Amino acid sequence: MVLSSRKKVLAIVLAGGEGKRLMPLTADRAKPAVPFAGNYRLIDFALSNVVNSGYRQVVVLTQYKSHSLDRHISQTWRMSTMLGNYVASVPAQQRVGKNWYLGSADAIYQSLNLIRDEQPDIVVVVGADHVYRMDFAQMVEQHLELGVACTVAAIRQPISLAGQFGVIDVQPDDPRRIREFLEKPTDPVGLPDNPEEVLASMGNYVFDADALVEAVTRDAAEIGSKHDMGGDIVPAFVRRDQAAVYDYRDNEVPGSTDRDRGYWRDVGTLRSYFDAHMDVVSPLPVFNLYNYEWPIYTSHGPYPPAKVVRSQIDEVLLSPGVVVTDAHVARSALSPGVYVDGSAEVSDAVLLNDVKIGAGAVVRNVILDKNVVIPPGARVGVDPEEDAGHGFVVQDGLTIAGKDHSFN
């Protein structure tokens, strides 16, 4: 019997992120509610990883523009209550004062009633806005084996990129122990087994429940704290020599391939969001959505099958309800309800729900949010100045339209 099978685990998903860098996609929804790869929301990846890991008591802490997220969770993430399983969306409740969440640690502090009610041995804390697969049970197993109070999941990155991440400096003689937690360091030390790499925090953690409760309670009283899990809570455990690191490279997910094993993307910018879509539409996808041994769960809604009529389609994700007629579509992700009319040319595009592309339109290098209508014969993503004149956001080589954008 493995150690973790004797422990009660509560999963907390931090889903209060505002996602300012994803504007205008986050103008009307929280970052974890942003659609991805046609059928999914970003939060579906975190929740699927948690439940596939065997953890079925899950709370989702929400705050910023959470209606779309709450609705998706309530309509999609229903599990049998007979065995005590649940995914519960919990908004900021101001239980301990009149402040909204002041940071990720404060979100947990203000929600300690959830831990006290469930009385778990272990708390798994994960972010809600990354694209990846991970078996958290393996991380919990290492946590229990080492007997630490805190374990941080980390992914290897080139040392040249260390300034973009929270970097974990490990003990040279015990690389699973954290020596120091460094925020965007300028002169990091490489790993003992590879000096050209560092371990970057993934924003996923495992805690002994009582240690987490004590840590966030103490942090709440700290003047000057940013009340952040990575910036304040983890360093506090490191100072007490109670923190370990879990190398994501060691995680073995059923059904993964050599090509997509270890894939993890922070889709925090419009460019990274777009690039992650290109990863899944490529002929040999860097991230494989078709791994049925570790499925990504979601709701497909009441849409009919996709339909393609007299069209040329290449490297395209077609969601239910999509209709493409007499058109050319390449290297694109088409979400439910998208319609592409005759002679239109669409390439390198992320089209969210119910986008309409008129006959003869040319659409390239775009992200178009829900209900955007591109009129017949229009050009989008061809001339940046022309796009700006029509009210689009032009950024990093992309043309972006927010929800319900009117072409003027």
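The values are calculated or read from the model by the stated rules, or taken from the named source; none is laboratory data. This is a predicted model, so every value here is computed, not measured. Neighbour counts run over all protein chains shown; Cβ positions are idealised from the backbone, glycine included. With ligands, DNA and RNA removed, areas are computed over all heavy atoms of the protein, side chains included. Shrake-Rupley method; radii C 1.70, N 1.55, O 1.52, S 1.80 Å.
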*Pop out the Kirkwood hydrodynamic radius of segment 163-296 from its pairwise C-alpha distances, inverse of mean 1/r, in Å to one decimal.*
17.2
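Using only DSSP helix segments of four residues or longer, with each worth -39500 (n - 2.57), what per-residue ellipticity at 222 nm results for the chain after dividing by its residue count and rounding to 500? Before the final figure, lay out each step's value.
Numbers: 9 runs with 80 residues, N = 408.
Rounded to the nearest 500, the figure is -5500 deg cm²/dmol.
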*How far apart, in nm, are the 7 Å Cα→Cβ label points at Y290 and V382?*
3.4
*Under a point spin-label approximation (7 Å from Cα along Cα-to-Cβ), what is the T257-S80 distance to one decimal in nm?*
3.3
*Reachable aspartates and glutamates from K8, Cα under 15 Å, same-chain residues fewer than 8 places away excluded?*
D117, E118, D121, E141, D208, D210
_Can you tally the net charge around R41? Count Lys and Arg as +1, Asp and Glu as -1, for every other residue whose Cβ sits under 13 Å from the Cβ of R41._
+1
*Would you please classify the overall shape of segment 327-408 from the alpha carbon gyration tensor, given that a ≥ b ≥ c denote the square roots of the eigenvalues, rounded means a/c under 1.5, and beyond that prolate means a/b larger than b/c while oblate covers the rest?*
rounded
*Per residue, how much accessible area does segment 1-146 show when a 1.4 Å probe rolls over the protein heavy atoms, in square angstrom?*
40
_For Cα pairs less than 8 Å apart in space and 6+ apart in sequence, what is the mean separation divided by the residue count of segment 236-359, i.e. the relative contact order in percent?_
16
*Would you list I313, I12 from the most to the least accessible area, probe 1.4 Å?*
I313, I12
*Averaged per residue, what accessible area in Å² does segment 308-405 show with a 1.4 Å probe, protein chains only?*
37
*Going toward the positive end of the dipole of the chain, with +1 on Lys and Arg Cβ and -1 on Asp and Glu Cβ, which of V394, L47, V373 do you reach last?*
V373
*Tally up the carbon and sulfur contribution to the accessible surface of segment 294-408 as a whole percent, 1.4 Å probe, everything protein left in place.*
49
*asked:* Within segment 223-280, what whole-number % of the accessible surface is contributed by carbon and sulfur, with the 1.4 Å probe and all protein chains included in the calculation?
replied: 46
*Positive-end residue, segment 76-200 charge dipole about Cα centroid, Cβ charges, pick of I168, L191, A92*: A92
_Report the Cα-based extents of the chain along its three principal axes, largest first, to the nearest Å._
64, 49, 44
*Carbon plus sulfur fraction of accessible area for segment 1-60, probe 1.4 Å, in percent*: 47
*Report the antiparallel proportion of the DSSP beta bridges in the chain as a percent, rounded to a multiple of 5.*
35
*What FRET efficiency comes out for the pair T217/E180, r = Cβ-Cβ distance, R0 = 25 Å, nearest 0.05?*
0.55
*Place a +1 charge on the Cβ of each Lys and Arg in the chain and a -1 charge on the Cβ of each Asp and Glu, then give the dipole magnitude about the Cα centre in debye, rounded to the nearest 20.*
1160
*Cα-Cα over 20 Å: which of K31/K370; K65/K356; K31/K403?*
K65/K356
